[in-house]
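Input: a single structure, listed below in structure tokens.
The values are calculated or read from the model by the stated rules, or taken from the named source; none is laboratory data. Treat the numbers as computed from the prediction; the structure is a model and nothing was measured. Here the Cβ positions follow ideal geometry from the backbone for every residue, glycine too, while neighbour counts run over all protein chains shown. These accessible areas exclude ligands, DNA and RNA; they are computed on the full protein's heavy atoms, side chains included. Shrake-Rupley method; radii C 1.70, N 1.55, O 1.52, S 1.80 Å.
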Amino acid sequence: MKKAISLLLALVLCLSLCACGKSAKAKTVDEMILAIGEVTNDNISDVETAMEAYDALPEQDKKTIENYALLQTAQEKMFYIKYYDLTNRLLEVYNNCQKVTNDTVIIWDNVGSNGFWNAYEAVRLLSLGLSREEYDKLSIEISGAKAYATIWCAARGLCPDNIYDTNKMTDEGQDKTIELCHSFNKCYDFISQQMEPLSEEFKAFKNKYKEDYRDETDTLSDLCLELSMYVDFALEPTGSLTSYTSKNREYIDSIDRLAKIIDSYR
């Protein structure tokens, strides 16, 4: 009995010595880790702050951190939150690319190769987000002529049903054409503005996490590269309708395949 009591007292003494030997900084880090709780988009910065605080500790202090396993779990959850946030923003660019390429195919199919560029450029000209009356006013100020010719040419490509005979469109048809052109150009401008900064953001992300999450970052790298080429393809159509449609299908199949692999990491 005395022996058991002696062992118990020795154990209590050891624990007391360990507690006494823990630095104030180590105690603070343990408290920071516990305070994280469930990792969400809203508290990612808390995880990063706790990781930085842990990394700044001397090696001896790191050994005394009781909640390190919790920090590792939080770090992994943080990675996947960032990973899928970046993935989703890349796929948003992809969805807008499909809108642009689908409309490009419609223009090509409606007017043929000879009339393609006239119709395509007319669609691109109607990108200011103005009403028909505002386009008329702007056109008169610039060239002394109404915008009707540009709207009619764009309608031939995107929505020929709005042209009721060879030369005429109703006001409603013009407004509908402008609306469709705005939709096209909104997608066009979005992908031209978003892809480059997203690519740069991904490079920094990959450099930070590639050692611990190689498969995930490699697959996202493939997606980013394929999507960059798809953006160039969408913004600058070339070739014939047949070749363009075929190449568009190849990009879609490739990106869809990569997206499925990425989704499997969840």
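With angles folded into 0 to 90 degrees, how steeply does helix 241-263 sit against the dominant principal axis of the chain? Use alpha carbons for both and round to 10.
Helix 241-263 sits at roughly 20 degrees to that axis.
Expressed in nm to one decimal, what extension gain is obtained for the pair Asp55 and Lys77 from 0.36 nm per residue of sequence separation less their Cα-Cα distance?
6.1 nm
How many percent of the accessible area of the chain is carbon or sulfur, using a 1.4 Å probe?
Carbon and sulfur atoms account for 53 percent of the accessible area of the chain.
Show Lys63, Lys208, Lys27 ordered by accessible area, largest first, where the area counts protein heavy atoms only and the probe is 1.4 Å.
Lys63, Lys208, Lys27
Please compute the length gained on full extension between Asn41 and Leu130, using 0.36 nm multiplied by the number of residues separating them and subtracting their Cα-Cα distance.
Answer, rounded to one decimal: 28.3 nm.
What FRET efficiency comes out for the pair Ser221/Ser23, r = Cβ-Cβ distance, R0 = 41 Å, nearest 0.05?
0.50
Counting only the heavy atoms of the protein chains, how much of Arg89 is accessible to a 1.4 Å probe, in Å² to the nearest 10?
Answer for Arg89: close to 70 Å² accessible.
Based on the alpha-carbon gyration tensor of segment 32-186, what equivalent-ellipsoid semi-axes (square roots of 5 times the eigenvalues) come out, in whole Å, largest first?
58, 16, 12
Looking at the P(r) of segment 176-266, how many percent of alpha-carbon pairs lie beyond 21 Å?
Considering segment 176-266, 45 percent of its Cα-Cα pairs are separated by more than 21 Å.
Averaging over all projection directions, find the projected area of the Cα convex hull of segment 31-120 and quote it in nm² with one decimal place.
Over all viewing directions, segment 31-120 projects a mean Cα-hull area of 8.9 nm².
What is the spread of the Cα atoms of the chain along each of their three principal axes, largest first, in whole Å?
110, 38, 28
Where does helix 214-235 land angle-wise versus the long Cα axis of the chain, in degrees 0 to 90, nearest 10?
10 degrees
Could you tell me how far the Cα centroid of segment 175-233 sits from the Cα centroid of segment 96-128, in Å?
22 Å
Report the net charge of residues surrounding Tyr84, where surrounding means a beta-carbon distance below 12 angstrom and charges are Lys +1, Arg +1, Asp -1, Glu -1.
Within the 12 Å Cβ shell, the charges total +1.
Enter the accessible area per residue of the chain (Å², integer; probe 1.4 Å; all protein chains in place).
That works out to 58 Å² for each residue.
Which of the pairs Lys176/Lys260; Lys168/Lys247; Lys25/Lys77 have their Cα atoms more than 28 Å apart in this structure?
Lys176/Lys260; Lys168/Lys247
Show that you can apply the helix-only estimate: for the chain, add -39,500 (n - 2.57) for every DSSP H stretch of four or more residues, divide by all residues, and state [θ] at 222 nm to the nearest 500.
-28000 deg cm²/dmol
For Glu201, what accessible surface area do you get with a 1.4 Å probe? Give it in Å², rounded to 10.
80 Å²
Please give the length that would be gained between Thr170 and Asp256 if that part of the chain were fully extended, namely 0.36 nm times their separation in residues minus their C-alpha to C-alpha distance (nm, one decimal).
26.9 nm
How do Arg156, Arg214 rank by accessible surface area computed with a 1.4 Å probe, from largest to smallest?
Arg214, Arg156
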